[in-house]
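In what follows, a structure is listed as structure tokens, so that the remarks can point back to it.
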């Protein structure tokens with residue numbers, strides 16, 4: 001049986017953990033933390049092995065770190081294979097932003113599609129170990145699904161309180177697992193209050209979220225995996241394979257997450273702190289927490305320098321999973337962490353978040369939930385302000401999947417209709433001809449854009465930004481001579497041009513186009529990594545529509561310049 005202590009945040013009273021408890025037995029404080037023998041784990045045993053050495057013999061799940069998790073006996077572990085989610089480099093976004101070391105911790109890959117699977121696995125395991133048969137939880141969606149799935153596996157009946165704004169698809173999934181679903185026509189904070197009152201009146205165990213031990217301990221496994229995976233990436237090996245002590249672990253410079261109640265980053269930072277204390281890491285990352293401006297009690301209070309968060313009584317946001325108006329004690333904890341290690345709390349609008357959602361999907365092929373999009377919008381904001389340096393390593397918690405798709409993400413007009421039955425002559429022999437005719441009607445693009453760029457990555461990024469709009473015919477050339485031949489043979493509506501290219505540079509193309517009666521009026525957008533001198537700027541003055549610096553512009557910046565440059 002593994003032993004660990006529980007420590008009161010307020011009075012620091014320490015006692016050996018026996019079973020889950022509501023509050024400190026010494027002062028009555030509700031916030032309790034788990035404390036482990038970290039030095040003992042790093043002390044070599046009789047065979048000269050430490051905790052790190054044992055990891056190399058374990059599989060890829062969050063339970064590989066079980067000595068640092070609040071379960072005393074392994075037979076009580078309830079698992080569906082959660083943890084060890086991929087670490088994905090955001091290649092195209094990094095190229096667009098000029099920050100090559102942006103990584104995504106892809107928690108969409110959990111058993112029920114969100115990072116709450118970690119929390120549910122440990123929380124339900126703790127309940128099983130304590131003999132809990134029924135439990136109450138309040139949720140904005142992901143927690144409800146995860147707890148219901150793991151509860152079903154452990155034989156723990158769940159009473160789930162959700163707001164009526166939770167998508168019906170999520171409520172139905174909760175019900176499939178056999179949970180009792182109680183919809184509350186109010187805010188999430190009101191749902192939490194009603195859940196607590198129900199638990200008290202019925203004598204049913206209440207999951208207390210961030211104040212309890214299990215939730216925070218679950219989230220710190222995200223930090224363990226990030227450090228282990230970054231270490232293997234740095235060593236040039238496969239980050240999908242756990243390695244234990246084979247390579248040095250690595251801390252990112254920044255960890256970014258959208259927050260509602262704040263449990264995620266509280267737990268993640270605890271994980272980094274433990275690794276630092278054990279000597280496995282040499283630093284703890286800076287922390288950036290982002291909220292939506294329509295419900296940003298933490299961000300607003302942080303910007304005001306307040307020690308205690310001011311509540312938001314009436315959240316106004318379409319991103320309902322982040323609509324927690326009363327963050328409670330987590331704000332103070334996060335504020336202390338940022339004061340100690342660096343970072344920020346800030347907010348973005350719903351519109352900025354949904355733009356980021358589209359950008360991540362269209363640039364790097366990841367369909368993320370709106371809450372994660374808030375974190376990416378925060379990333380964009382910090383990059384553009386210079387708060388994150390180009391060489392810094394950034395990890396973003398991709399907390400869940402887009403689906404079920406909410407109507408304001410995509411809208412109604414997201415597909416073309418192709419009706420072959422309405423086409424004359426479409427029967428057997430003429431079917432292929434009818435299909436081609438139908439598809440030609442779908443492809444009604446009329447604007448032709450030429451990309452002249454010798455860097456394949458930069459060309460692919462520009463093409464992807466354009467393709468995501470579905471409005472353009474795109475021609476490409478890899479050097480100046482080929483580019484000039486291309487636009488002379490197929491005059492475009494717009495040229496997107498690099499300046500530094502072999503054989504004929506961009507300046508030469510601009511000057512040649514302006515002398516050609518058929519090309520002189522074609523608008524030009526220059527995208528370059530070169531810092532232009534005053535003389536070079538003068539050579540372009542009055543001849544181009546826009547000048548963008550590689551690695552500093554967003555997709556929206558390019559598209560805005562394109563719309564202004566193209567004829568109506």
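Set side by side, the residues 276, 245 differ, and just one is more than 22 Å from residue 107 (Cβ to Cβ) and in a loop (DSSP other than H, G, I, E, B), which is 245.
Inside region 50-72, residues that are part of a loop (DSSP other than H, G, I, E, B) and within 22 Å of residue 213 (Cβ to Cβ) make up a count of 5. The sole residue among 282, 276 that is assigned by TED's automatic domain parsing to the domain that holds residue 399, touching a helix residue (DSSP H, G or I) at 6+ places or on another chain (Cβ under 8 Å) and farther than 21 Å from residue 370 by Cβ is 282. Scanning region 159-181 for residues that are touching a strand residue (DSSP E or B) at 6+ places or on another chain (Cβ under 6 Å), part of a loop (DSSP other than H, G, I, E, B) and surrounded by fewer than 22 Cβ atoms within 10 Å (Cβ to Cβ) gives a single hit, 164.
Tallying residues that are in contact with a helix residue (DSSP H, G or I) (Cβ under 7 Å, 6 or more places away or on another chain) and surrounded by fewer than 22 Cβ atoms within 10 Å (Cβ to Cβ) within region 222-238 yields 1. Set side by side, the residues 340, 304 differ, and just one is within 30 Å of residue 248 (Cα to Cα) and more than 22 Å from the chain's Cα centre (by Cα), which is 340. Per this entry, residue 123 is counted among residues that are part of a helix (DSSP H, G or I) and crowded, with 22+ Cβ neighbours inside 10 Å. Total residues in region 183-216 satisfying the condition of being over 24 Å from residue 70 (Cα atoms) and either part of a strand (DSSP E or B) or touching a strand residue (DSSP E or B) at 6+ places or on another chain (Cβ under 7 Å) (or both): the figure is 11.
Selection over region 10-49 of residues that are touching a residue at least 40 places away in the same chain (Cβ under 8 Å) and either in a loop (DSSP other than H, G, I, E, B) or surrounded by 11 or more Cβ atoms within 10 Å (Cβ to Cβ) (or both) gives a count of 13. Condition check for residue 189 on (1) within 24 Å of residue 320 (Cβ to Cβ); (2) crowded, with 22+ Cβ neighbours inside 10 Å: one failure, at (2).
Find the helices (runs of 4 or more DSSP H) located wholly in region 449-568 whose residues include 2 or more that are at negative phi, in contact (Cβ under 8 Å) with a residue 40 or more places away in the chain and out of contact with any helix residue (DSSP H, G or I) (no Cβ under 9 Å at 6 or more places or on another chain), and list them. Per the criteria, no element qualifies.
Being closer than 30 Å to residue 354 by Cβ and loosely packed, with under 15 Cβ neighbours inside 10 Å narrows it down to one of 560, 533, so name that one.
560 is the lone residue from the list that is closer than 30 Å to residue 354 by Cβ and loosely packed, with under 15 Cβ neighbours inside 10 Å.
On inspection, residue 271 fails the criterion of being assigned to a loop (DSSP other than H, G, I, E, B) and either surrounded by 22 or more Cβ atoms within 10 Å (Cβ to Cβ) or modelled with pLDDT under 95 (or both).
Which of the residues that make up region 301-352 are over 26 Å from residue 272 (Cα atoms) and either crowded, with 23+ Cβ neighbours inside 10 Å or touching a strand residue (DSSP E or B) at 6+ places or on another chain (Cβ under 8 Å) (or both)?
312, 315, 316, 317, 319, 320, 323, 325, 348, 349, 350
Here 131, 151 are screened, and the one residue that is within 16 Å of residue 214 (Cβ to Cβ) and free of Cβ contacts under 8 Å to residues at least 12 places away in the same chain is 131.
The values are calculated or read from the model by the stated rules, or taken from the named source; none is laboratory data. Every value quoted in this text rests on a predicted model; they were computed, and no experiment measured them. All Cβ positions, even for glycine, are placed from backbone atoms using ideal geometry, and neighbour counts span all protein chains on display.
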